[in-house]
1. Counting other Cβ atoms within 10 Å, which trypsin sites (Lys or Arg not before Pro) in segment 29-84 have at most 16 and lie in a DSSP loop?
2. Considering only the other residues whose Cβ falls under 15 Å of the Cβ of Met67, what net charge follows from Lys and Arg at +1 and Asp and Glu at -1?
3. If Lys and Arg each add +1 and Asp and Glu each add -1, what is the summed charge of the other residues whose beta carbon sits under 15 Å from the beta carbon of Val27?
Amino acid sequence: MGVDQSKPVTTGDVQLLRVRVGEHDVVTSAPETYEELEASLRNRFFIAEDHRLVISAKLECYGRRLMEIDPNAWFVLKPQLREVWVTARPPPIQKDSNLPKYAESDKLASVPIETRETKPVHLPYFLI
C-alpha cells in the first residue's frame, strides 16, 4: 500500500513538508506562518537576508503547475502542500553613478590590461 500523493503527509498533529532547494531536499514540519518558513530556510541553507526567497508549489487547483506562493496565501494553501521549491534571488546590482557610462558613442577610448606575457593590450570601449 503506497502513500496517497494527493494528500499532505502528517504525523500526529504535525504536517510534514518536503523542501527542495536546488538539488538538496529536506523534510521539515510545515510552519504556521510564511515568515517562519522563510526564517527557517534562511537559517538551514545559509541564505542572506538581502536575497529574495521565492517559494513555489505545484497546486492541484491549477493543474499541478508550479506556482509562486504569495505570503498572504500561506494560511489557505498550507493544508494542501506536500512539497515546496525554493529559489533565492540576489538583490539587483546597484549602479554606481561615479562610474563612466558605456554605450555607443563617437568617442573611442581604450583601457590597458595586462596579458600573461605582461604586455599591455588596449581594449576599446565607448564613452557617452
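Values quoted throughout were computed directly from the atomic coordinates according to the rules given, and no laboratory measurement underlies them. Source: prediction; values computed, not measured. Backbone-built Cβ (ideal geometry, glycine too); neighbour counts: all protein chains shown.
1. The qualifying sites are Arg64.
2. The answer is +2.
3. +2
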